[in-house]
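Engineer: Questions regarding the structure given below will be posed in turn.
Readers should treat all values here as calculations from the given coordinates under stated rules, not as data from a laboratory. It should be emphasised that the depicted structure is a prediction, and the values quoted were computed from it without experimental measurement. Cβ coordinates were reconstructed from backbone atoms using ideal geometry, including for glycine residues, and neighbour counts include every protein chain displayed.
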Protein chains: 2
Amino acid sequence: MARSRSFWGWGYEDKLPGDNARRALASRLAALTGTPPELAPLPSLDAVTMPEPRYTVPVELRSIGTTDKRERAIHTYGRGYRDLVRGFRGDYASAPDWIFHPTEEEHLLSLFRFCERESIALVPYGGGTSVVSGVEFAASGRFRGVACVDLSRMDKVLSVDEISRSAHIQAGATGSKIAEQLETYGLTLRHYPQSFELSTLGGWIATRAAGHYATLYTHIDDFVESVRMVTPAGVFETRRLPGSGAGPSPDRLVLGSEGAFGIITEAWLRVQPRPRWRASASVSFDRFEDAVDVVRILAQSGLNPVNCRLLDAGEAMLHQVDSEGNAVLLLAFESADHPIETSMERALSIATDLGGRCKEEPKYTTDVIHSIAPRPLHASMTSSRPPPPSSGSVRPPAHDVQEASVWKQAFFDAPYLQSALVLLGMVCDTFETACTWDRFPALHASVVAAANAAMQKVGGGGLLTCRFTHVYPDGPAPYYTFLTKGRPGEELEQWAAIKAAVSEAIVSTGGTITHHHAVGRVHRPWWEKERPALFEKVLVSAKNELDPAGILNPGCLLPIK
Amino acid sequence: MARSRSFWGWGYEDKLPGDNARRALASRLAALTGTPPELAPLPSLDAVTMPEPRYTVPVELRSIGTTDKRERAIHTYGRGYRDLVRGFRGDYASAPDWIFHPTEEEHLLSLFRFCERESIALVPYGGGTSVVSGVEFAASGRFRGVACVDLSRMDKVLSVDEISRSAHIQAGATGSKIAEQLETYGLTLRHYPQSFELSTLGGWIATRAAGHYATLYTHIDDFVESVRMVTPAGVFETRRLPGSGAGPSPDRLVLGSEGAFGIITEAWLRVQPRPRWRASASVSFDRFEDAVDVVRILAQSGLNPVNCRLLDAGEAMLHQVDSEGNAVLLLAFESADHPIETSMERALSIATDLGGRCKEEPKYTTDVIHSIAPRPLHASMTSSRPPPPSSGSVRPPAHDVQEASVWKQAFFDAPYLQSALVLLGMVCDTFETACTWDRFPALHASVVAAANAAMQKVGGGGLLTCRFTHVYPDGPAPYYTFLTKGRPGEELEQWAAIKAAVSEAIVSTGGTITHHHAVGRVHRPWWEKERPALFEKVLVSAKNELDPAGILNPGCLLPIK
């Protein structure tokens, strides 16, 4: 049975912390807020009002469309802080008029023609987990309504090429759906954004999502072998290629296009066998700065750890991996081909030589059941047809997300926690960037100062924590979490003041406005400071070619035409 | 003293094989051609005629411009097969009228305005090693002349950020110039295209050149941290970032733009310390097909060898690494951080388990002199200023290209050999592609059949060899060399027939028309079959934004406006 999505909060209703958990959270927050915040009742859909749909649809679209209130509420917003607050307040004035669930590309073509004819904005919707208002549009001006196109019924792994280790997948498949379907082949995409259970392949490609790997293959970009996007001007499909130097890469126009050019319907993705050898360790540091140096050297070592997450003391406490005020570096290696002890040993020797402390021995595991014997080779060369899914007897024990460590579970649960904090009236959000190593000290100092000053001003103080989610030879991707006390009714203004301050700090000290949360509508003012002005002109002319009527996701990434 | 460039052939005059070497080559060719081909005299510039320049230039451009005959001849063509033949024949009817050597961006702006005003085509020129007619334009239609812009005087490493391991480099710097300047820091770009001594950073970026690494970091794309391109519409400069997810990547519009959008003037590149540990080995196989399987498994292993070049029997013989009809796999690992024995051992165990034979033990070297002590870390965190270049005493012994193995030397000399073969009347060229592993057997069979049939038809038979230059988890990049006997005066038609046959075979069996030789003018017909039609429309509108008068490199990559 399908689990029920929360109409206003993150994810599934049954995973939102219940009354007791929220009460416990409230008393923990008392340390910050003086008195524990009050436990507000959960929002009720019955209390929500929304305008009647502003248009009717032709019969061929009616079979895939709905104006159901709950569906419209779910699809009104993404799940960023502003979205949670507005949802919690019952503000659904901008609900899309119709929600469409296409099952084939023909439906998209019909929708394009309908929306062009009727001046209706068309918002592509994957998992709806945008934190940058990527799926939200309040019709105005020349748009007399909004159509939300939810791709969730196009969610199949269409075929698997085991020779080239690639899978042909429909864009509406969530991380969970992809994992389930690939598991029968002993394969995995190894792409775990925090939104993994909800977000979709198409959404990942449209927003350049980052995932599992802390190094080397950080973004979905690195796994896309080819992509198919249906645009109002026709189909834009790239060739399956492992690499090419033929002109600018057409894939790269689609990656990050945020629904402004077309709707991604399919892609071939590079996949991998499940790792057989795994190693993990954690290293503590008295000082965050020392750990930063270590992470830089590791990032430049060519060891390419699969996890190289550095948590500052606040993060380490929040995620329950340290309670003594240390910064903690979480290290992991994995391989489907060979043992990785020497890599882990070298990484730990770098870390400990430079002041890190291992609390315990690194943990090594080898999956013996799962070993894949080399396939008969010549046979494999002459056929690209995948064999039938392997039988239950050799099926790997469970998929990787279920093997989550304490850290990983906390990681996937964090967005649920945010929804609970909103219910407690807290202003809390995350933001992230990337910058070169030489600029990190100044950027970090500037962000910390800006966030603390803004939280002081709007909330009388607050908490700010930092971790590195991904690291590169030339720089880290720092990820910040902030938390301050809301003033009832003023939370959005408080949030906006903090967001503006930290965004300004990031962009003025050489960072990117987003390493993996996309531009959407929220980040656009700062993206406009970061990108070459001529590049936006090029993207606008690309939009004019692909979406001449300008119906697609107006105001997302690019200004409204 | 600057060495003298050949006005018609590859590279430097003093490196072209001399009379004796060409005589020896001729007698080796007798095996193929029946009688040894005749030794033609070297082309003479005196015998060359070319039209007078069709325009005059204003005084501010005269100081950076020349109409010197030798300069015009050098800059008329790239150095592909057709270029060598036309140069050898003394066909310089399409020589550019003026050659400009800008030293600063202001010069480019003056050139843009001048060319726009006077309807002159402007062809950006780096090392002039294009094999796809990327730097050649015969003025006609609305263009009343051609200006060639040679970037070779903008060739400095401007600064080095040792913390982030990045270097800020002017686009006109050749591979050799970059290597020389980085060497003083103990750093290297590790990007060695075959044209390394001549080709430039700007050319590499404009054409998405591939280089040193057989896996992982195959193209210059992977090293570009930011780029600056001057266009007729203004400056297009991207931010230095280790990674970002903010909209489509602006760098990727410049990578592969082939001079159609603007002139690349500078870039920040990711650099590395010289490797300290190196390992190399070669593995022989009776059958090419077995070796292909091994290479696929290696490419999917996550071992990421720095060299993983597979030579078929013909290549192995040509490059003097085997004379017994074996396919040979050249394997290498390198690291500046840690020993790589375990990686090499695992790679060799994969190769030998599946039928490969090692003739000798793998060779391991460790550079003890060159060890870089970890830098004082907090000091390094707070300053991005590079220290002065290190003194002679810690200078590494020689740069990597000078440490070339037999294979590497043959690799860098191959283009000189081609010029010598042209002098002997042979039709000989290389072409390359990439495809997914599942498609390789059919693509290879199709290419072999097409090349052999075409050579039979136009030259009574010939030689075709294949190697893999780069490999990916999802497919190889095969590189072919062909050689057949020319009929005097008909060589270009013979070449065109073979080129068309193999290009058609590649594109119709799922390959890309080029993995790293660019599109230029030669590959455009097949690129147009490969790329999404809508993508070309997008690129054309990008060109309209960036180069509204359409003066830049007309007909290269995109059709003439």
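Engineer: For segment A:196-202, in order, what is each residue's ³J(HN,Hα) by Karplus, 6.51 cos²θ - 1.76 cosθ + 1.60 with θ = phi - 60°, in whole Hz (x at glycine and Pro)?
Structural biologist: Once θ is set to phi - 60°, the couplings for segment A:196-202 become 2, 6, 10, 6, 10, 4, x Hz.
Engineer: By how many nm would the segment from B:THR66 to B:ASP353 lengthen if fully extended, with 0.36 nm per residue of separation less the alpha-carbon distance?
Structural biologist: Length difference between fully extended and current span is 97.2 nm.
Engineer: List the distances, in nm to one decimal, from the label point of A:ARG3 to the label points of the same position in every other copy, shortest first, placing each label point 7 Å from Cα along the Cα-to-Cβ direction.
Structural biologist: Distances between equivalent label points, in nm: 6.6.
Engineer: On to the next question. Antiparallel as a % of all DSSP beta bridges within chain B, to the nearest 5?
Structural biologist: 85
Engineer: Could you state the number of Å between the C-alpha centres of segment A:403-443 and segment B:46-70?
Structural biologist: 62
Engineer: Let me ask another. What does the structure give for B:526-534 when I average, per residue, the other chain Cβ atoms found within 10 Å of the residue Cβ?
Structural biologist: 6
Engineer: Relative to the compact-globule scaling 2.2 N^0.38 Å, provide the ratio for the alpha-carbon radius of gyration of chain A.
Structural biologist: 0.96
Engineer: Calculate the length of the line joining the C-alpha centroid of segment A:307-368 to that of segment A:466-523, in whole Å.
Structural biologist: That distance is 26 Å.
Engineer: Let me ask something else about it. Given a Förster distance of 35 Å, report the FRET efficiency between A:SER27 and A:LEU158 from their Cβ-Cβ distance, rounded to the nearest 0.05.
Structural biologist: 0.10
Engineer: DSSP loop (so not H, G, I, E, B), at most 11 other Cβ within 10 Å: list which trypsin sites (Lys or Arg not before Pro) in segment B:1-65 pass both filters.
Structural biologist: Counting only loop positions with at most 11 other Cβ atoms within 10 Å, the trypsin sites (Lys or Arg not before Pro) in segment B:1-65 are B:ARG3.
Engineer: Please state the shape class of segment B:408-518: rounded when a/c is under 1.5, otherwise prolate if a/b exceeds b/c and oblate if not, all from the C-alpha gyration tensor.
Structural biologist: In terms of gyration-tensor shape, oblate.
Engineer: At most 15 other Cβ atoms within 10 Å and a DSSP loop assignment: could you name the chymotrypsin sites (Phe, Trp or Tyr not before Pro) in segment A:99-207 that fit?
Structural biologist: Those that pass, being in a loop and sparsely packed, number zero.
Engineer: How far is A:LEU42 from itself in the other copies, in nm, if each label sits 7 Å out from Cα along the Cα-Cβ line, shortest first?
Structural biologist: Inter-copy label distances (nm, one decimal, shortest first): 8.6.
Engineer: Also: At 222 nm, what value in deg cm²/dmol follows for chain A if DSSP H runs of at least 4 each add -39500 (n - 2.57) and the sum is divided by all its residues, to the nearest 500?
Structural biologist: Helix contribution divided over all residues of chain A: -9500 deg cm²/dmol.
Engineer: Got the B:SER119 label distances to the other copies yet, label 7 Å along Cα→Cβ, in nm, shortest first?
Structural biologist: Values, ascending and in nm: 4.3.
Engineer: Still on this structure, please answer the following. In square nanometres, what is the average projected area of the Cα convex hull of the protein assembly as shown?
Structural biologist: 43.5
Engineer: Among rounded, prolate and oblate, which fits segment B:48-150 when a ≥ b ≥ c are the square roots of the eigenvalues of its C-alpha gyration tensor, a/c under 1.5 means rounded, and a/b larger than b/c means prolate?
Structural biologist: prolate
Engineer: Could you derive backbone 3J(HN,Hα) for segment A:180-193 from the dihedral phi with the Karplus parameters 6.51, -1.76 and 1.60 (θ = phi - 60°), listing whole Hz in sequence and x where the residue is Gly or Pro?
Structural biologist: Whole-Hz 3J(HN,Hα) from phi for segment A:180-193: 4, 6, 6, 4, 5, 9, x, 10, 8, 7, 6, 9, 10, x.
Engineer: What share of the DSSP beta bridges in the protein assembly as shown is antiparallel, in percent to the nearest 5?
Structural biologist: So the antiparallel bridges amount to about 85 percent of the total.
Engineer: Using θ = phi - 60° and the Karplus relation 6.51 cos²θ - 1.76 cosθ + 1.60, list the HN-Hα couplings for segment B:302-307 in order, rounded to whole Hz, with x at every Gly or Pro.
Structural biologist: The phi angles translate into x, 6, 6, x, 6, 10 Hz.
Engineer: Give, in nm to one decimal, the length gained when the segment between B:GLU116 and B:ALA47 is fully stretched (0.36 nm per residue of separation minus the Cα-Cα distance).
Structural biologist: Extra length from B:GLU116 to B:ALA47 when fully extended: 21.4 nm.
Engineer: In terms of the Cα gyration tensor, with a ≥ b ≥ c the square roots of its eigenvalues, is segment A:157-273 rounded because a/c is under 1.5, prolate because a/b exceeds b/c, or oblate?
Structural biologist: rounded
Engineer: Then there is this: Can you pull the mean other chain C-beta count within 10 Å for peptide B:205-215?
Structural biologist: Per-residue shielding by partner chains comes out at 1.
Engineer: Which whole number gives the average count of other chain Cβ atoms within 10 Å of the Cβ atoms across peptide B:465-475?
Structural biologist: Going residue by residue through B:465-475 and averaging, the value is 4.
Engineer: In addition: Within chain A, what's the longest stretch lacking GluC sites (Glu not before Pro) that sit in DSSP loops with no more than 13 other Cβ atoms inside 10 Å?
Structural biologist: Maximal segment without exposed cleavage sites: A:105-323.
Engineer: Taking 7 Å along the Cα-to-C-beta vector as the label spot, tell me the A:THR103-B:TYR55 distance in nanometres, rounded to one decimal.
Structural biologist: Taking the simple label geometry, A:THR103 and B:TYR55 are separated by 6.2 nm.
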